[in-house]
1. Every residue in the range 2-30 that is in a helix (DSSP H, G or I) and surrounded by 10 or more Cβ atoms within 10 Å (Cβ to Cβ), please.
2. Can you give me the number of residues within the range 38-85 that are in contact with a helix residue (DSSP H, G or I) (Cβ under 9 Å, 6 or more places away or on another chain) and in a strand (DSSP E or B)?
3. May I ask you to list the residues in the range 31-85 that are closer than 28 Å to residue 17 by Cβ, exposed (fewer than 10 other Cβ atoms within 10 Å of the Cβ), over 17 Å from the mean Cα position of the chain (by Cα) and without any contact (Cβ under 8 Å) to a residue 12 or more places away in the chain?
């Protein structure tokens, strides 16, 4: 299960009850330098974490039900792309 893999990885720190408040660039550039993380239980509590990259994931369940029976899809619901354009 994905949750177990994350929780058992020593390189990952899970920040419960938190949300990304801001991606901050290195001063004078467009390069990511840190992420400001705000507590959802105490909005005055903001932690700034150094970062060189960020991966933003929205979810793992594709919203493709509209195309069932119309497009070719994988068994988990992802649309199969075609080079025939």
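Any read-out appearing in this document is the output of simple, stated calculations on the displayed coordinates, not a laboratory observation. This is a predicted model, so every value here is computed, not measured. Every residue, glycine as well, gets a Cβ built from its backbone with ideal geometry; the counts of neighbours run over all protein chains shown.
1. Listed by number, the residues that qualify are 6, 7.
2. 2
3. 42, 44
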